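Enquirer: Pasting a structure here, questions to come.
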Number of protein chains: 2
Amino acid sequence: MDTGIASKSVGVVTPQTAKFTEPIRLRSGAVVDEYELVYETYGALNADRSNAVLVCHALNAAHHVAGYYADDPGNVGWWDNMIGPGKPVDTDRFFVVGVNNLGGCHGSTGPMSINPKTGRPWGADFPVVTVEDWVATQARLADYLGIHRFAAVMGGSLGAMQALAWTYHHPQRVRHSIVIACAPNLSAQNIAFNEVARQAIITDPDFHGGHYYEHHTQPTRGLRVARMIGHITYLSDDEMAAKFGRQLRNGRPNYSFDTEFEIESYLRHQGSKFSEYFDANTYLRITKVLDYFDPALDHGGSLAKALAPAQAKFLVVSFTTDWRFSPERSREIVKALLDNRLDVTYAEINAPHGHDAFLLEDPRYHRLIAAYFDRIGREAPPGPGAGIGETRSRGPA
Amino acid sequence: MDTGIASKSVGVVTPQTAKFTEPIRLRSGAVVDEYELVYETYGALNADRSNAVLVCHALNAAHHVAGYYADDPGNVGWWDNMIGPGKPVDTDRFFVVGVNNLGGCHGSTGPMSINPKTGRPWGADFPVVTVEDWVATQARLADYLGIHRFAAVMGGSLGAMQALAWTYHHPQRVRHSIVIACAPNLSAQNIAFNEVARQAIITDPDFHGGHYYEHHTQPTRGLRVARMIGHITYLSDDEMAAKFGRQLRNGRPNYSFDTEFEIESYLRHQGSKFSEYFDANTYLRITKVLDYFDPALDHGGSLAKALAPAQAKFLVVSFTTDWRFSPERSREIVKALLDNRLDVTYAEINAPHGHDAFLLEDPRYHRLIAAYFDRIGREAPPGPGAGIGETRSRGPA
């Protein structure tokens, strides 16, 4: 990409772990007595702690947002093209935090962790989590890191739902919310895709009701199918046509059930790769996090009412060919924010890549984010600790 | 529906079986030495045999197109709203033929049939079939029934592909081709959905490499997931939103993996029902029939060249909200037909139901089909047997 900015990697990074011993009551009613969150940070927190940016992850990502590991240089962060020195979110100016959410499978407490009450992995007994629960645990991490107010909370897709939820759960703790490729809730079709993915996993005989760790197995087949379904929804029809079309692997049909078309090869590869590193119980829970997100539900169906507490400024971005969370859905968010007379910048990026566009390097998209963060950086932040008394912060654990 | 026509059912129908002992060489190169096709007919063949209509089935349907069975009155034909006395395809005027295609699981020779060479079910050894193979076997059935030329060959979706293929494989044997909710080939995204469905079936431990009959089992789990995926693509996003939306089964979230949203309940029910009556090996093959259909492939990518032999008149119908085979894809067919200066009527029906619309009662849609068949009925057909010498008919088996 050429955004006219000389950019480089944040370099070698090291994940860290924060332990929280104050019990947290989840939206489901379940209580988790103690938990750990794995996180990474890039750049330096400034003296008045006003330059922190929280990056929230989507379905399959985690805390490893940028840079690479000393012992595994090929393992580059999932949003490395966005975050780094001279990049759109410039780590020479901002202190960026990535965190693996509760229920994850990359080090934070989740279904693979040991349940202290039984001494065995939580497995199926790990509770269902929600966007609200994640925001609550992220707020505790912010307390732990001494961040009273984020310059920005940002994310794409499910990550954007968290960036949005932050603004009405902790109005005083977010200056800007960057909501990319988002929707105010899942459509019936979105839920349908999630449900098929879940059924593929749950009906895999290796699932063992979610207690597969004890059987030393994984519902790999189900997870593979689930991921293949996901990939179809991440790419636009046009992008799939451009990338794979009806291209035959061997130039002519074999009339067999071997891999025949390039698109089959791509999906099988993506499915297999994913099923080797991702935990099925986490996948199930994250699809439920998506399904349940619906801020308007508690407000008589009014998104505007749900967003009424928000005080942040917003950048909302959608992509023309995203059929998972279409621009129309982003415009619902923009409308509800404007109904609340909030400061909103909205951009609809003409990009061919579908939902995946939020992860890709597109010059117009990256220049937009760079310009917006330049604005954030130039804004006079409120004095250190301003408004802290009004937040819902629960204090460091 | 009120099409202004008093309509009733064709009543009790009885499937019949035609046996073919002349070997057929399939497009894959495989040869099937002998086979049976199960079919039904409604109405009466007229004296000059000019009023026959062949109805081709799509993915999960078969020969039971209209009416019901004496011993099973609830088992109504899949296109009963379209075909019957006074219905759009009026069986008081037309002799309608429905046939279960080769490779099917409703009585025609297919993977569940006994392979005469082994004395055991074909299972995985049953060859891959194609639209072209189906048209060839349907032509033999026409010979068997003494039908030299069809007044019309019609179908929706995969059925429409057969109606289209008839016109260039047997130009002299089709007066009209009714091509509904069709595409000239599958897009990469269409193939992707089929491939995920196949992987769900093939990786089900009960699949046993396709030889599950011997294990007295069925890959029910895989077939269930496959069907759920299919259903998502049959309905439009809007129709799903209108029918199910985010409706919770119990009015409020349970935060569990039980059925939570109405759409989940619908998909689970559809998947389970289907997996109880449909054969997985047939399902696999029919998805391949769809994938391979691509008349332009042998003509340097030119659909117009592929359709050049056609002499039929065409009715092409698409539905605005069909995202599986969108109107855009139907227009590709119309364009190629017009390039060949063929007689084409094209209608794009404004309907909310997505791909499924072709099966549903929509007054505008049904009036259109009725009007078109009225035209067919009023046309002076050529004399009996006209042009038979020029057809590619292989003669009755």
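Enquirer: Given Cα positions, please report Rg to Rh for chain B, the hydrodynamic radius being the Kirkwood one.
Expert: Answer for chain B: 0.96.
Enquirer: Using alpha carbons only, how many angstrom separate the centre of region A:175-234 from the centre of region B:181-240?
Expert: 17 Å
Enquirer: Still on this structure, please answer the following. Can you tell me the relative contact order of chain A? Whole percent, Cα pairs under 8 Å, sequence separation 6 or more.
Expert: With pairs under 8 Å counted, the relative contact order is 19 percent.
Enquirer: Can I ask one more? With charges set only on the Cβ (+1 for Lys and Arg, -1 for Asp and Glu), what does the dipole of region A:1-148 come to about its Cα centre, in debye to the nearest 20?
Expert: So the dipole magnitude of region A:1-148 works out to roughly 180 debye.
Enquirer: Given the C-alpha centroids of region B:302-326 and region A:16-42, what is the distance between them in whole angstrom?
Expert: Between the Cα centres of region B:302-326 and region A:16-42 lies a distance of 57 Å.
Enquirer: Tell me the per residue accessible area of chain A using a 1.4 Å probe; a whole number in Å² is fine.
Expert: 36 Å²
Enquirer: Whenever you get a sec, compute what percent of the accessible area on region A:121-238 sits on carbon and sulfur atoms (1.4 Å probe).
Expert: Heavy-atom surface of region A:121-238 belonging to carbon and sulfur, 1.4 Å probe: 51 percent.
Enquirer: Please list the non-local residues whose amide H lies under 5 Å from the amide H of A:ASN115, H modeled 1.01 Å from N, same-chain partners needing a gap of 5 or more.
Expert: A:ARG120, A:TRP122
Enquirer: Something else: If I model a spin label as a point 7 Å beyond the Cα along the Cα-Cβ vector, how far apart are those points for B:VAL31 and B:SER302 in nm?
Expert: According to this spin-label approximation, the distance is 3.5 nm.
Enquirer: Which residues' amide hydrogens lie under 5 Å from the amide hydrogen of B:ALA183, considering only partners 5 or more residues apart or on another chain, with H built in the peptide plane?
Expert: Distant-sequence amide H within range of B:ALA183: zero hits.
Enquirer: Tell me which aspartates and glutamates have Cα within less than 18 Å of A:LYS305's Cα, excluding those fewer than 8 residues away on the same chain?
Expert: Qualifying aspartates and glutamates at Cα under 18 Å: A:GLU132, A:ASP294, A:GLU332, A:ASP339, A:ASP343.
Enquirer: Once the label point is placed 7 Å from Cα along Cβ, list for B:GLY11 the distances to the corresponding points in the other copies, in nm, shortest first.
Expert: 8.9
Enquirer: Picking from B:LEU307, B:PHE193, B:LEU59, whose Cα lies most toward the positive end of the charge dipole for chain B (charges on Cβ: Lys, Arg +1; Asp, Glu -1)?
Expert: B:LEU307
Enquirer: I've got another one for you. Using the crude model of +1 on Lys and Arg Cβ and -1 on Asp and Glu Cβ, and no other charge, please compute the dipole size for the protein assembly as shown relative to its Cα centre, in debye to 20.
Expert: Dipole magnitude for the protein assembly as shown comes out near 680 debye.
Enquirer: Give the ranking of A:HIS63, B:HIS106 by solvent-accessible surface, highest area first, calculated with a 1.4 Å probe.
Expert: B:HIS106, A:HIS63
Enquirer: Continuing with this model, one more query. Report the paramagnetic label zone for B:ASN254: residues of region A:87-128 whose backbone N is under 14 Å from a point 7 Å from Cα along the Cα-to-Cβ axis.
Expert: A:128, by backbone N distance to the label point.
Enquirer: Give the accessible area for A:GLU332 in Å² (nearest 10); use a 1.4 Å probe, count only protein heavy atoms, and leave out ligands, DNA and RNA.
Expert: 80 Å²
Enquirer: Might you report the magnitude of the Cβ-based charge dipole of chain A about its Cα centre, with Lys and Arg at +1 and Asp and Glu at -1, to the nearest 20 debye?
Expert: For this selection, approximately 580 debye.
Enquirer: If contacts are Cα pairs under 8 angstrom and at least 6 residues apart, what is the relative contact order of region B:288-388 in percent?
Expert: Answer for region B:288-388 is 25 percent.
Enquirer: Could you list, in their original order, any pairs among A:LYS243/A:LYS273; A:LYS313/A:LYS335; A:LYS273/B:LYS288; B:LYS19/B:LYS117 whose Cα atoms are separated by more than 21 Å?
Expert: Listed pairs above 21 Å: A:LYS273/B:LYS288.
Enquirer: Here's something else I'd like to know. Pull up the cross-link candidates among the lysines for A:LYS87, meaning alpha carbon to alpha carbon under 17 Å and not fewer than 8 places away within one chain.
Expert: A:LYS8
The values are calculated or read from the model by the stated rules, or taken from the named source; none is laboratory data. Predicted model only: the values in this text are computed from it and were never measured. FYI the Cβ positions are ideal-geometry reconstructions off the backbone, even for glycines, and counts take in every protein chain you see. Accessible surface is based on the protein model in full, side chains and every heavy atom, while ligands, DNA and RNA are left aside. Shrake-Rupley method; radii C 1.70, N 1.55, O 1.52, S 1.80 Å.
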